[in-house]
Amino acid sequence: MQNILIIIHAAPYGSERCLSALRLATALAGNDAKPAVRIFLMSDATVLGLPNQIDGAGNGLQGMVEQLVAQGVEIRLCRTCALARGLGELPLIAGTAIGTLVELADATLAADKVITF
């Protein structure tokens with residue numbers, strides 16, 4: 001089984017990079033090859049972990065995150081990045097969690113592929 005790590009730096013609603021990363025993760029998680037997919041959110045991408053966000057058109061990315069969690073995708077928010085944005089004590093989307101740089105380093109070493117957005 002392949003191990004794939006996706007690192008997202010882009011803000012959830014600032015561009016389509018975050019959406020593209022989630023779409024790729026969804027396609028990978030649903031692939032017949034059943035790779036192990038991990039997502040690590042850094043920089044402004046950490047705000048993706050907050051629930052109840054919608055854009056001006058009434059759409060949100062929370063459903064995609066929840067679907068990925070249901071498919072067994074591990075989603076972590078960089079602790080340093082999350083704390084810098086005041087997210088440390090806020091509730092997160094169920095199944096996501098604050099992670100550490102050590103966890104990211106371990107995931108990187110275990111990954112067969114690392115993809116960044």
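The values are calculated or read from the model by the stated rules, or taken from the named source; none is laboratory data. This one's a predicted model, so the numbers in the text were calculated from it and none came from an experiment. Using ideal geometry, Cβ is built from the backbone for each residue, glycine included, and neighbour counts are taken over all protein chains shown. When the accessible area is computed, the model is the full protein with side chains, heavy atoms only, and any ligands, DNA or RNA have been set aside. Shrake-Rupley method; radii C 1.70, N 1.55, O 1.52, S 1.80 Å.
Annotations for the structure displayed:
- Cα-based equivalent ellipsoid, segment 56-117: semi-axes from gyration tensor eigenvalues, Å: 21, 17, 11
- Rolling a 1.4 Å probe over the protein heavy atoms gives the chain an accessible area of 53 Å² per residue.
- The relative contact order of the chain comes to 35 percent, based on Cα pairs under 8 Å that sit 6 or more residues apart.
- Rounded to the nearest whole Hz, the Karplus-based 3J(HN,Hα) values (6.51 cos²θ - 1.76 cosθ + 1.60, θ = phi - 60°) of segment 63-75 follow the sequence x, 5, 4, 4, 5, 4, 4, 4, 7, x, 7, 7, 10, with x at glycine and proline.
- The chain: C-alpha gyration tensor shape, a/c 1.5 cut-off, then a/b vs b/c: oblate
- Residues Arg23, Arg38 ordered from highest to lowest accessible area at a 1.4 Å probe: Arg23, Arg38.
- Shown in residue order for segment 104-117 are the 3J(HN,Hα) couplings computed by the Karplus curve 6.51 cos²θ - 1.76 cosθ + 1.60 at θ = phi - 60°: 5, 4, 5, 5, 5, 5, 7, 6, 7, 9, 10, 10, 10, 10 Hz (x for Gly and Pro).
- A Cβ-based charge dipole, computed about the Cα centre of segment 21-87 with Lys and Arg at +1 and Asp and Glu at -1, lands at about 200 debye.
- For the chain, Cys18 stand unpaired, since no other cysteine beta carbon lies under 4.7 Å from theirs.
- Taken about its Cα centre, the chain carries a charge dipole of roughly 100 debye when the Cβ of each Lys and Arg holds +1 and the Cβ of each Asp and Glu holds -1.
- For segment 81-86, backbone phi angles converted through the Karplus equation (6.51, -1.76, 1.60; θ = phi - 60°) give residue-by-residue couplings of 5, 5, 5, 5, 9, x Hz, Gly and Pro being listed as x.
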